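In what follows, a single structure is set out as structure tokens and then discussed.
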Amino acid sequence: MHELALCQELIAEVTRIAAAHDAVGASRILVMLGPLSGVEAPLLKRAFLVARVGTVAEEATLEIEQQPLSVRCTVCGAKSEVTPTNLLCRTCGAWQVEILEGDALLLKSVELFLDTAAEDHPVEQKAAAETTSAQLGNG
Amino acid sequence: MCESCGCAGVSHKSHVHGESGRLSVAVFSDILRHNNDQAAHNREHFTEHGVLALNLMSSPGSGKTSLLEATIDALGDVFRIGVIEGDLATENDARRIRAKGVPAVQITTGQACHLDAEMVHEALHQLDLASLDLLFIENVGNLVCPASFDLGQHANVALLSVTEGDDKPAKYPVLFRAADLILLSKSDLLEFIDDFSPIRAEQHIRALANPAKIFPVSARRPESLAPWLQWLRARWDAQRNGAPRAADTTAALPAK
Ligand SMILES: Nc1nc2c(ncn2[C@@H]2O[C@H](COP(=O)(O)OP(=O)(O)OP(=O)(O)O)[C@@H](O)[C@H]2O)c(=O)[nH]1
Ligand SMILES: [Mg+2]
Ligand SMILES: [Zn+2]
Ligand SMILES: [Zn+2]
């Protein structure tokens, strides 16, 4: 499954960002996924639970923002919202369209725990982490 | 490089300081950035050496290796051909290619579902690129995972065998949308398979907004390969005569 490989890439990036900010961990990772990225959100979430173990993202939640899929027709100029298996122009039916958006596979943002937090609020953080894993476990 | 904090390679839009001890960092980087950078590097190697690199993708058993064998038979005297084999479990495909007198590097490490740019980079340094004209990369037989990973190829060739159903492009839109050429393989079997319609296959491919050419080919009938061989020659000429064509590479990639 390539979702696992992608999570490893994702976590490597988060690890670099955390290190650059002297953070002790990540609490929330926001990813934007387009329908043409070739990545399935539920599979990515499941792979993340495996990939995060023992990393800086161990206690992080992965949130996925779905990018819409839209095209512009090069024949009639119309814009259409489309589906991955039918990208045809919804106005004139032409297949000569260009993708406006829908192939994103982006790390949008990361929320980090800074070092001071670890020392100042160890209890709060642990509690937050437990809720997080409980939520993920159910989902 | 982020100017405000110096994090490697990441351009931050903003640093929002939230509640104490928390920091929200806006990133906006491609998750496959590492692979894409490596692929760009591979492409430079190929282009520099005047090698046309093609990524062959299909379901397992759609006839990738057979097509390569038949292609070597037809063009082996015209082009110096090399092959990178993505069959991770066995040496079988590499052995078949070597039996034709063509160098084949077997990729042996990595996940068994797709090739990535790093694996191809390792393999390409085991080949003498200067002595090659054409490099085929036979990807792992899989219509899902390979589509997400740029390898540094100049073009993607997808095989759709007539035994696997003409609706495959609708079921695997990401891969078939990324194909620069689609070969309907095992076309000698068309007469026995009454429910594969090349016209319907083409309709599914056009519905993905893909203008790629579609040729029926059979590894069993050398004369059927003519359009494919002609496409190869034309691509190779364009590659040799023109500068590296950025527009083509973009079209070949799903995620960029
Ligand atoms: N009739 C017919 N059979 C073919 C043709 N091409 C391949 N085959 C048969 O299909 C089977 C698989 O062919 P391969 O060339 O090994 O397919 P592949 O895509 O390389 O397979 P993997 O590497 O395992 O994914 C073999 O039994 C081939 O003989 C063809 O053009 N016509
Ligand atoms: Mg093979
Ligand atoms: Zn239109
Ligand atoms: Zn190199």
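Here is a list: B:198, B:222, B:211. Which entry is under 30 Å from residue A:99 (Cα atoms) and either away from every other protein chain (no Cβ under 14 Å) or within 11 Å of ligand 1 (Cβ to nearest atom) (or both)? Steps first, please.
Values: B:222 fails: under 30 Å from residue A:99 (Cα atoms); B:211 fails: either away from every other protein chain (no Cβ under 14 Å) or within 11 Å of ligand 1 (Cβ to nearest atom) (or both).
So the residue among B:198, B:222, B:211 that is under 30 Å from residue A:99 (Cα atoms) and either away from every other protein chain (no Cβ under 14 Å) or within 11 Å of ligand 1 (Cβ to nearest atom) (or both) is B:198.
Take the conditions (1) open to solvent by 20 Å² or more (accessible area, probe 1.4 Å); (2) within 7 Å of chain B (Cβ to nearest Cβ); residue A:45 misses just one of them, which is (2).
Would you confirm whether any residue within segment B:215-223 is touching a residue at least 40 places away in the same chain (Cβ under 8 Å), open to solvent by less than 50 Å² (accessible area, probe 1.4 Å), on the phi > 0 side of the Ramachandran plot and of a type outside the set (Ser, Thr, Tyr)? Among the residues of segment B:215-223, not one is touching a residue at least 40 places away in the same chain (Cβ under 8 Å), open to solvent by less than 50 Å² (accessible area, probe 1.4 Å), on the phi > 0 side of the Ramachandran plot and of a type outside the set (Ser, Thr, Tyr), which makes the answer no.
Hey, can you tell me all the residues within segment A:60-91 that are assigned to a loop (DSSP other than H, G, I, E, B) and away from chain B (no Cβ under 13 Å)?
Listed by number, the residues that qualify are A:68, A:76, A:77, A:78, A:91.
The residues of segment B:162-190 that are under 10 Å from the mean Cα position of the chain (by Cα) and either open to solvent by less than 10 Å² (accessible area, probe 1.4 Å) or within 16 Å of ligand 4 (Cβ to nearest atom) (or both), listed by number, are B:175, B:178, B:179. For segment B:106-131, the set of residues classified as within 14 Å of ligand 4 (Cβ to nearest atom) and under 16 Å from the mean Cα position of the chain (by Cα) consists of B:117, B:118, B:119, B:120, B:121, B:123, B:124, listed by residue number. The criterion of being away from chain A (no Cβ under 11 Å) and more than 16 Å from ligand 3 (Cβ to nearest atom) does not hold for residue B:143. In the condition set (1) out of contact with any Lys or Arg (no Cβ under 6 Å at 6 or more places or on another chain); (2) part of a strand (DSSP E or B); (3) open to solvent by 40 Å² or more (accessible area, probe 1.4 Å), residue A:110 is compliant with all but (3). Residues of segment B:81-118 that are among the small types (Gly, Ala, Ser), without any contact (Cβ under 8 Å) to a residue 40 or more places away in the chain and open to solvent by less than 40 Å² (accessible area, probe 1.4 Å): B:94, B:104.
Results for (1) surrounded by 14 or more Cβ atoms within 10 Å (Cβ to Cβ); (2) of a type in the set (A, V, I, L, M, F, W, C); (3) out of contact with any Pro (no Cβ under 8 Å at 6 or more places or on another chain), shown as yes or no for each residue.
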site	(1), (2), (3)
A:3	yes, no, yes
A:37	yes, no, no
A:54	no, no, yes
A:61	yes, no, yes
A:67	yes, no, no
A:78	yes, yes, yes
A:86	yes, no, yes
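When segment B:198-243 is filtered for residues that are more than 15 Å from residue B:186 (Cα to Cα), of a type outside the set (Gly, Ala, Ser) and assigned to a loop (DSSP other than H, G, I, E, B), the ones remaining, listed by number, are B:208, B:210, B:211.
Answer yes or no as to whether residue A:16 is basic (Lys, Arg), at the interface with chain B (Cβ under 9 Å from one of its Cβ atoms) and surrounded by fewer than 19 Cβ atoms within 10 Å (Cβ to Cβ).
Working: basic (Lys, Arg): yes; at the interface with chain B (Cβ under 9 Å from one of its Cβ atoms): yes; surrounded by fewer than 19 Cβ atoms within 10 Å (Cβ to Cβ): yes.
In short, yes.
Screening B:159, B:134, B:151 for residues that are at negative phi, buried (at least 21 other Cβ atoms within 10 Å of the Cβ), within 14 Å of chain A (Cβ to nearest Cβ) and under 15 Å from the mean Cα position of the chain (by Cα) leaves exactly one candidate, B:151. For segment B:49-67, the set of residues classified as in contact with a strand residue (DSSP E or B) (Cβ under 6 Å, 6 or more places away or on another chain), closer than 13 Å to residue B:135 by Cα and either open to solvent by 10 Å² or more (accessible area, probe 1.4 Å) or near ligand 2 (Cβ under 10 Å from one of its atoms) (or both) consists of B:56 only. Just one of the listed residues (B:22, B:96) is more than 21 Å from residue B:233 (Cα to Cα), among the basic types (Lys, Arg) and either within 13 Å of ligand 1 (Cβ to nearest atom) or in contact with a His (Cβ under 7 Å, 6 or more places away or on another chain) (or both), and it is B:96.
I'd like the full set of residues that are of a type in the set (Gly, Ala, Ser) and within 11 Å of another protein chain (Cβ to nearest Cβ), limited to segment B:162-189. If the condition is that a residue be of a type in the set (Gly, Ala, Ser) and within 11 Å of another protein chain (Cβ to nearest Cβ), then B:170, B:178 are the ones that fit.
The values are calculated or read from the model by the stated rules, or taken from the named source; none is laboratory data. What you see is a predicted model, and the numbers here were worked out from it, not measured in a lab. A quick note on method: Cβ atoms are made from the backbone with ideal geometry, for glycine too, and the neighbour counts reach across all protein chains shown. These area figures cover heavy atoms from the full protein model, side chains too; ligands, DNA and RNA do not enter into them. Shrake-Rupley method; radii C 1.70, N 1.55, O 1.52, S 1.80 Å.
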